[in-house]
Amino acid sequence: MITFQTINVAMPAIDQPRIKAWVQSVAEDYGRRVGEVAYIFVDDEEILRVNRQFLQHDYYTDIITFDDSTATCISGDLFISLDTVRSNAEGLGVPYEQELLRVIIHGILHLCGINDKGPGEREIMEAAENKALLKLRIEN
């Protein structure tokens, strides 16, 4: 089950049934099924609090993914700062909605086992994001 929640922000204007179907389809592309996935949309102050409390990181970020997946079933909590997503979209010169979709699927790709911190991993993640975003456009 995929759920959407908010802390300190309004729910973003996303087509939740479409996002759920997309997430399930992308997970299937990686041989996974979706278990319990919670999207928690927050502001910058809440993402900073979560980052400090659970990861001992003292900075803002667009997404924090807490992975509770098993071998073939993805599960976890995905905290997304809408403030940072908006700032990143402006900095990249892309629409906010596009950047939000990229971040939404970024967390799922982490749950599917794709990393982005090591050498060459960022490029792999970006390619996977682009492939997933293309899939969303084709399916709808």
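Can you tell which of Q53, Q24, Q98 shows the greatest fluctuation in a Gaussian network model of the chain with Cα springs below 10 Å?
Comparing Q53, Q24, Q98 in the GNM, the peak value goes to Q53.
Would you work out which of M11, Q53, V34 lies farthest towards the positive end of the dipole of the chain? Charges go on Cβ: Lys and Arg +1, Asp and Glu -1.
The residue sitting farthest along the positive end of the dipole is V34.
Given R₀ = 22 Å, what would the calculated FRET efficiency be for F4 paired with R49, taking r from the Cβ atoms and rounding to 0.05? Let's see the in-between values first.
On the way: r = 20 Å, r/R0 = 0.91.
So the FRET efficiency works out to roughly 0.65.
What is the spin-label model distance, in nm, from Q56 to R18 if the labels are put 7 Å beyond Cα along the C-beta direction?
Between Q56 and R18, the simple spin-label model gives 4.3 nm.
Work out the length of the dipole vector of the chain about its Cα centre, built from +1 on the beta-carbon of each Lys and Arg and -1 on the beta-carbon of each Asp and Glu, and round it to the nearest 20 debye.
Working: 13 positive and 23 negative charges, 81 e Å.
Using Cβ point charges on Lys, Arg, Asp and Glu, the chain gives about 400 debye.
Scan around I40 for amide H atoms under 5 Å from its own, H built in the peptide plane at 1.01 Å from N, and keep only partners 5 or more places away or cross-chain.
Amide H to amide H, under 5 Å and 5 or more residues apart or across chains, I40 pairs with Q5, L78, F79, I80.
Please work out the FRET efficiency for the pair A71 and E36, using the Cβ-Cβ distance as r and a Förster radius of 22 Å; give the result to the nearest 0.05. Provide the component values of the computation, followed by the final result.
Values: r = 16 Å, r/R0 = 0.71.
Step by step, r from the Cβ atoms, then E = 0.90.
Counting Lys +1, Arg +1, Asp -1, Glu -1, what net charge surrounds S69 among other residues with beta carbon under 11 Å of its beta carbon? Could the numbers behind the result be given before it?
Values: positive: R32, R33; negative: E36, D67, D68.
Every neighbour counted, the sum reads -1.
Binning every alpha carbon pair distance of the stretch 36-140 at 5 Å from zero, what are the percents per bin?
That works out to 2, 12, 20, 23, 25, 13, 4, 1, in percent per bin.
So if each residue of separation counts as 0.36 nm, and I subtract the Cα-Cα distance between A127 and R86, what length gain in nm does that give? Please report the intermediate quantities before stating the final value.
On the way: separation 41, 0.36 × 41 = 14.76 nm, distance 2.17 nm.
Answer, rounded to one decimal: 12.6 nm.
Taking amide H positions as placed in the peptide plane 1.01 Å from N, state which residues far from I63 in sequence (5 or more) or on other chains have amide H under 5 Å from it.
Under 5 Å from the amide H of I63: S81.
Relative contact order of the stretch 2-139, please, whole-number percent, based on alpha carbon pairs below 8 angstrom and at least 6 residues apart.
Values: 201 pairs, mean separation 29.4, N = 138.
That works out to 21 percent.
For a quick check: sort C112, C73 by the number of other beta carbons within 10 angstrom, fewest at the front. Please list the in-between numbers first.
On the way: C112 20, C73 14.
Going from sparsest to densest Cβ surroundings: C73, C112.
Can you list residues from other chains, or at least 5 along the same chain, whose modelled amide H is less than 5 Å from the amide H of S69?
Here the answer is S75, since their amide H atoms fall under 5 Å of that of S69.
Here, each number is a calculation from the coordinates, and none is a lab measurement. Keep in mind the model is a prediction, meaning the values are calculated, not measured. For neighbour counting, all protein chains shown are included, and Cβ atoms are generated from backbone atoms with ideal geometry for every residue, glycine included.
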